[in-house]
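The values are calculated or read from the model by the stated rules, or taken from the named source; none is laboratory data. Given the structure is predicted, the values throughout are model-derived calculations rather than measurements. Reconstructed Cβ throughout: ideal geometry from the backbone, glycine too, with neighbour counts over all protein chains shown. All accessible areas refer to the heavy atoms of the entire protein, side chains included, with ligands and DNA or RNA removed. Shrake-Rupley method; radii C 1.70, N 1.55, O 1.52, S 1.80 Å.
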Amino acid sequence: MAMNMRSVGSKQLVNADGTPLRPQAAIKPAVVTRAAAVDAPAKKQGPIIMNGQVLHSLTAERLDYVRSMGDFMEKQVQPLLKPVEKCWQPYDLLPRSEDPDFMDKVRDLRARAANLPDDYLVVFVGDMITEEALPTYMTMLNTLDGVRDETGASKTPWATWTRAWTAEENRHGDAMNKYMWLTGRVNLKTIEVTIQNLIGSGMDPKTENNPYLGFLYTSFQERATKISHGNTARHALEYGDETLAKLCGLIASDEGRHEQAYQRIIEKLYEIDPNGAMLAFGDMMKKQIVMPAHLMDDNEHAKINGTGRNLFADFSAVAERTGTYTAFDYADIVEYLVKKWKVADRSGLNGEAAEAQEYVMKLPDRIRKLAERAGARKKKGATAKFSWVFEREVVMH
């Protein structure tokens, strides 16, 4: 942890313990340390590599573009947030514990939830765990150069957005968790272990502290979560749980507003720096969008299914089979963003950017072909046991 520093008089700087602060000029340049990587200078001296990963890849010029977007954030992005008094809260959708008929309402909720099949519960819980790892996502946004919240309560438009977005998202995991607890259908202990493990593990979206890449990631991911929650809403309605369907629908609606916000940021970057935006789009597509919960672990899955089995992979397989979120959805999102940002109409791009343009335009069809081949190779009837539903077997393919 870096030492706290304070100013004494008008000139001298001292450390928190009163000792004089060594002048920066006296510090000899050396191999990049962890602290130096975190506090990288605004001017890019070349790629910084730490633990095999690229850090702070944005050029000084492009960092200035991002820093110039404060007025845009205030006028075009922040209005997509809702005032707190107009936001729904978990309380609005759950039985109220202070009501005299609270237990009757819980019994009604449990009667409805009894019709939810295990595959639905596994997908819902996986989505819930993803939402509960919100601290990781706020941390990720605050790794991005030029937009991070430098104080924890900064008044910059970027920092204000990040905190308000986090506050709106926080309701999602809260409501989903409480609903599942009331159903009695899932093993909350193993779910809580999964959540703690996931937050502790973090995530690696390969965004390189680069806001161009970071907001490409969120533009994609918010749409993916909107699709997933929209489908769990539709499925809940099919199984007769209108309240759960409403809850999932409200979450999907929030994700839709947040999706628009991040996509507007990239749209603005295309306006002021078309080459940089195009390169970022191509880069993130080549890396592939890693789902935010890809490091989930319940400490049980490999034990009950055999060594080498991966919880996230098996959860994703159930989501695919139930049509909640599929490889075809992934392709559709890429295609949507290509159209949203008018990629086909971009002219005058430099060589690398033009190559990225061609790559992303061909990508949706390529993904669909790969998905079709993968689907044909899957072993039909394959199952996995999930600790989240008390180790009951669930069909994956």
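Quick one: Debye curve from the alpha-carbon atoms of segment 202-292 only, equal weights, vacuum; give me log10 I(q)/I(0) at q = 0.25 Å⁻¹ to two decimals. Debye intensities relative to I(0), on a log10 scale: -1.14. The lysines within cross-link reach of Lys206, meaning a Cα-to-Cα straight distance under 27 Å and a gap of 8 or more places when in the same chain, are Lys43, Lys44, Lys226, Lys268, Lys286, Lys287, Lys339, Lys340, Lys342, Lys362, Lys369. Sorting Thr194, Thr151 by solvent-accessible area of protein heavy atoms yields Thr151, Thr194, largest first, with a 1.4 Å probe.
Accessible surface computed residue by residue for the chain, with neighbouring protein chains in place and a 1.4 Å probe, gives 50 Å² per residue.
When only alpha carbons are used to place a centre, segment 105-182 and segment 313-351 end up 23 Å from one another. Placing one identical point scatterer on every Cα of segment 75-116 and ignoring solvent, what is log10 I(q)/I(0) from the Debye formula at q = 0.16, 0.35 Å⁻¹? Debye output, listed in q order: -0.60, -1.11. FRET efficiency for Lys287 and Phe72, Cβ-Cβ distance as r, R0 = 25 Å, nearest 0.05? Once rounded, the FRET efficiency stands at 0.40.
With coordinates expressed along the principal axes, the C-alpha atoms belonging to segment 291-397 extend over 57, 27, 21 Å, beginning with the largest. Against the criterion of solvent-accessible heavy-atom surface with a 1.4 angstrom probe, Thr160, Thr139, Thr326 sort, most first, into Thr139, Thr160, Thr326. The C-alpha radius of gyration of segment 126-195, expressed as a fraction of 2.2 N^0.38 Å, stands at 1.34.
Arrange the residues Arg366, Arg112 by how much accessible surface each exposes, largest first, with a 1.4 angstrom probe.
Largest accessible area first, the list is Arg366, Arg112.
Calculated [222 nm] ellipticity per residue, helices only, for the chain: -18000 deg cm²/dmol; basis is -39500 (n - 2.57) per DSSP H run with n ≥ 4, divided by all residues, nearest 500. On the principal axes of its alpha-carbon atoms, the chain has extents of 70, 53, 46 Å, going from largest to smallest. Packing here is the average count of other Cβ atoms within 10 Å per residue, and on that basis the peptides 116-129, 65-78, 209-222, highest first, run 209-222, 116-129, 65-78. Each peptide in 340-347, 270-277 gets a packing score, the mean of other Cβ atoms within 10 Å over its residues, and the list from highest to lowest is 270-277, 340-347. For segment 163-252, the square roots a ≥ b ≥ c of the C-alpha gyration tensor eigenvalues yield an a/c of 1.5 or more together with a/b not exceeding b/c, which makes the shape oblate. Surface composition of segment 140-297: carbon plus sulfur atoms hold 51% of the accessible area, using a 1.4 angstrom probe and ignoring ligands, DNA and RNA.
Using a probe of 1.4 Å, the accessible surface attributed to Ser228 totals some 10 Å² when neighbouring protein chains are kept in position.
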